[in-house]
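Some notes on the structure that comes next.
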Amino acid sequence: MSEPLLTVADSLKDRARAALGSRNLILVGLMGAGKSSVGRIVASQLGIPFIDSDLEIERVSRMTIPELFAAYGEEEFRALETRVVKRLLKSGPRVVSTGGGAFINERTRRRIKKGGLSVWLKADLDVLWDRVNKRDTRPLLKTENPKQTLENLMNARYPIYAQADLTVLSRDVRKEIMADEVLMAVIEAQKESAAS
Ligand SMILES: Nc1ncnc2c1ncn2[C@@H]1O[C@H](COP(=O)(O)OP(=O)(O)O)[C@@H](O)[C@H]1O
Ligand SMILES: O=C(O)C1=C[C@@H](OP(=O)(O)O)[C@@H](O)[C@H](O)C1
Ligand SMILES: [Mg+2]
């Protein structure tokens, strides 16, 4: 009998899974970058659990993100986010997609840096705007000029997201392709650290 063929996709998954080891993979980046949707696919490819920190915050608080912002304000939301992210990163391997402000908060960023391999999904303004303007679930964008607000957030936050371990450009391609690019970045990072 002939050996089963190992497809390119299988080998990508296996190599990325081996490169990750017991570490967590943490997706960071601005609203609309694809952290939640691409993270879910990456986890399923790797065969490890996926957790979205916003969904976990909603689960434990029994409130939606807009309700939390309205009832307690952004500062309280950030405090809760820090606690949830810290807990989610205690064991691994997992794929954890964070909300866009998590890596910007110093305490949460420290947890993420210690808690695994961070990946910045970086996108340009038009890609992000195209994706976020279809829904009104993001309290920070409830302003008179949400596209300008998004641009201001980009300017303020991009130097901080740049501290992530890896950067993957989030483009207008299928989410599955973005997920493959994340897997490839994990493999590349491992090769580089083995070579140095
Ligand atoms: N590569 C992509 N191609 C097309 N649509 C995407 C892509 N990535 C994300 N989206 C869509 O953009 C929106 C925002 O994605 P989401 O994963 O919620 O981003 P984030 O969690 O970073 O805010 C969702 O409607 C999602 O389906
Ligand atoms: O950028 C931010 O500060 C936020 C991003 C949101 O998550 P997504 O980035 O998944 O949209 C959510 O956590 C909250 O609305 C605040
Ligand atoms: Mg999200």
Under 7 Å by Cβ, and 6 or more places apart or on different chains, what pairs join a residue from the stretch 119-139 that is within 10 Å of residue 30 (Cβ to Cβ) with one that is of a type in the set (Val, Ile, Thr) and surrounded by fewer than 21 Cβ atoms within 10 Å (Cβ to Cβ)? 120/167; 122/167
Based on this model, can you work out whether residue 68 counts as out of contact with any strand residue (DSSP E or B) (no Cβ under 8 Å at 6 or more places or on another chain), within 13 Å of ligand 3 (Cβ to nearest atom) and touching a residue at least 12 places away in the same chain (Cβ under 8 Å)? no
Can you confirm whether the stretch 118-132 contains a residue that is more than 10 Å from ligand 1 (Cβ to nearest atom), buried (at least 19 other Cβ atoms within 10 Å of the Cβ) and closer than 12 Å to residue 51 by Cβ? no
Those residues of the stretch 40-74 which are more than 10 Å from the chain's Cα centre (by Cα), outside any loop (DSSP other than H, G, I, E, B) and polar (S, T, N, Q) amount to 44, 45, 61
Residue count, the stretch 160-178 (criterion: under 24 Å from residue 109 (Cβ atoms), within 16 Å of ligand 3 (Cβ to nearest atom) and part of a helix (DSSP H, G or I)): 2
Could you please give the count of residues in the stretch 151-179 that are crowded, with 16+ Cβ neighbours inside 10 Å, of a type outside the set (A, V, I, L, M) and within 11 Å of ligand 1 (Cβ to nearest atom)? 1
Can you pull out every residue in the stretch 6-39 that is within 13 Å of ligand 2 (Cβ to nearest atom), crowded, with 19+ Cβ neighbours inside 10 Å and in a helix (DSSP H, G or I)? 35, 38, 39
Restricting attention to the stretch 81-96, does a residue exist that is in contact with a helix residue (DSSP H, G or I) (Cβ under 7 Å, 6 or more places away or on another chain), in contact (Cβ under 8 Å) with a residue 24 or more places away in the chain, small (Gly, Ala, Ser) and outside any helix (DSSP H, G or I)? no
When you check residue 103 against the structure, is it of a type outside the set (Asp, Glu), away from ligand 3 (no atom under 14 Å from the Cβ) and farther than 20 Å from residue 183 by Cα, yes or no? no
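Each value in this text was obtained by applying a stated rule to the coordinates, not by laboratory testing. Please read these numbers as outputs of a predicted model, since none were measured by experiment. When we count neighbours, we look across all protein chains shown, and the Cβ atoms used for this are built from the backbone with ideal geometry, even at glycine.
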